[in-house]
Amino acid sequence: MFEKGGKMKDQDDPHAVLGLSPDATRQEVDRAFRALARRHHPDAPGGDRASYARVRHAYETLAASRARSAPTGSDAPPPRQGVRIPVRVRRARPRRGADRTAVLRVGLPVAVYGGTADLDSGDGGTVTVAVPPGTGHRTRLRLPGRGGAGTHGGAPGDLLVTVLVEDHPVYRRTGDDLRATLPLGYAEAVLGTEAVITTLDGRELRVPVPPGTAQGATITLPGQGVPGRGDAGALVLDVAIDVPAGPLSAAQRAALEHLGAALPAPRKEPRR
């Protein structure tokens, strides 16, 4: 490829490709070729196969030209063809992937007794999280290898999950204890009874209520609370006397008035 007048274009001129003037010495050609070959070698960082081939072709063209123009019997050494260029390739070190964070909301039964819950992975899939028994509100769980991908063969990061425990309509957690309100009728509190409740894990439990149980009293059931490494916590029931809110019939009113007259007077403290 030539311009008008037979002049070779710079992009095809071997000297121009190597960044040299037409009168460059052999040593200058060799140095320029080595420098450009190291820069453009395909195994070098940022290397380019096409650029390397162009530089090598220019060098070999100049070498062949020198061989043709050298006089017979010249003491000049033959041009070196196929020069081996040492290239040092610096391999990138493996880099661990970044950790990711997520929030998982679970119900109180799962937090207390353990279970599994699905979490949106953020890439259209789900991650199943194993929630250990006794997990508290804002506990952080680590899922190894579920974070960002590593680079250059590095290990993936971890997924850090913050567990938020939702409120329960009946039970609440206090440390290792579970707590709930036990409503009793007036007669049940005075005479005593065996109240039947449904526990947090769905079991039916019979609770003995002693006679004369007062408003605000607590009934403690050891071992029925939050499971732990040792003994489980307790289930604490706060007694609330359920006073009828609606109007009483005449017969009911008469019965209560008769009962009130027959029972001992209330203690004066704290009433006066």
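Is there any pair with a first residue in the range 180-194 that is under 19 Å from Leu235 (Cα atoms) and a second that is of a type in the set (Phe, Trp, Tyr) whose Cβ atoms are under 8 Å apart and which are 6 or more apart or on different chains, and what are they?
Once the first residue is under 19 Å from Leu235 (Cα atoms) and sits in the range 180-194, its partners that are of a type in the set (Phe, Trp, Tyr) give Ala180/Tyr171.
Just the residues that are more than 47 Å from the chain's Cα centre (by Cα) and assigned to a loop (DSSP other than H, G, I, E, B), please, taken from the range 191-232.
Gly192, Pro210, Pro211, Gly212, Thr213, Ala214, Gln215
Identify the residue in the range 46-60 that is closer than 22 Å to Arg91 by Cα and charged (D, E, K, R) and, among all such residues, is least open to solvent (accessible area, probe 1.4 Å).
Asp48
From the set of residues in the range 176-190 that are of a type in the set (Gly, Ala, Ser) and more than 47 Å from the chain's Cα centre (by Cα), which is farthest from Thr135 (Cα to Cα)? Break it down stepwise before answering.
The initial filter retains those residues of the range 176-190 that are of a type in the set (Gly, Ala, Ser), namely 180, 185, 187, 189.
Going one step further and asking which of them are more than 47 Å from the chain's Cα centre (by Cα), we end up with 185, 187, 189.
Numbers: Gly185: 35, Ala187: 40, Ala189: 35 Å.
Ranking the qualifying residues of the range 176-190, first place goes to Ala187.
Being modelled with pLDDT of 80 or more, assigned to a loop (DSSP other than H, G, I, E, B) and open to solvent by less than 80 Å² (accessible area, probe 1.4 Å), is that true of even one residue in the range 236-256?
Scanning the range 236-256 turns up at least one residue that is modelled with pLDDT of 80 or more, assigned to a loop (DSSP other than H, G, I, E, B) and open to solvent by less than 80 Å² (accessible area, probe 1.4 Å).
Hey, can you tell me all the residues within the range 182-196 that are open to solvent by 80 Å² or more (accessible area, probe 1.4 Å) and not hydrophobic (A, V, I, L, M, F, W, C)?
Filtering the range 182-196 down to residues open to solvent by 80 Å² or more (accessible area, probe 1.4 Å) leaves 183, 186, 191, 194.
Within the range 182-196, Pro183, Tyr186, Glu194 qualify.
Only residues in the range 12-23 that are hydrophobic (A, V, I, L, M, F, W, C) count as the first member; pair them with residues that are open to solvent by 60 Å² or more (accessible area, probe 1.4 Å) and at pLDDT 85 or above, Cβ under 7 angstrom, at least 6 apart or cross-chain, and list the lot.
As it stands, the answer is Val17/Arg54; Leu20/Glu28, since those pairs meet every condition given.
Take the residues of the range 119-140 that are modelled with pLDDT under 95, outside any loop (DSSP other than H, G, I, E, B) and not β-branched (Val, Ile, Thr): which is most open to solvent (accessible area, probe 1.4 Å)?
Once the filter is applied, the top-ranked residue is Asp120.
Which members of the range 153-185 meet the condition of being in contact with a helix residue (DSSP H, G or I) (Cβ under 9 Å, 6 or more places away or on another chain) and farther than 30 Å from Arg96 by Cβ?
Val165, Glu166, Asp167, His168, Tyr171, Arg172, Arg173, Leu178
The values are calculated or read from the model by the stated rules, or taken from the named source; none is laboratory data. Remember, predicted model here, so these are calculated numbers, not experimental data. Reconstructed Cβ throughout: ideal geometry from the backbone, glycine too, with neighbour counts over all protein chains shown. Heads up: the accessible areas ignore ligands, DNA and RNA and are worked out on the full protein's heavy atoms, side chains in. Shrake-Rupley method; radii C 1.70, N 1.55, O 1.52, S 1.80 Å.
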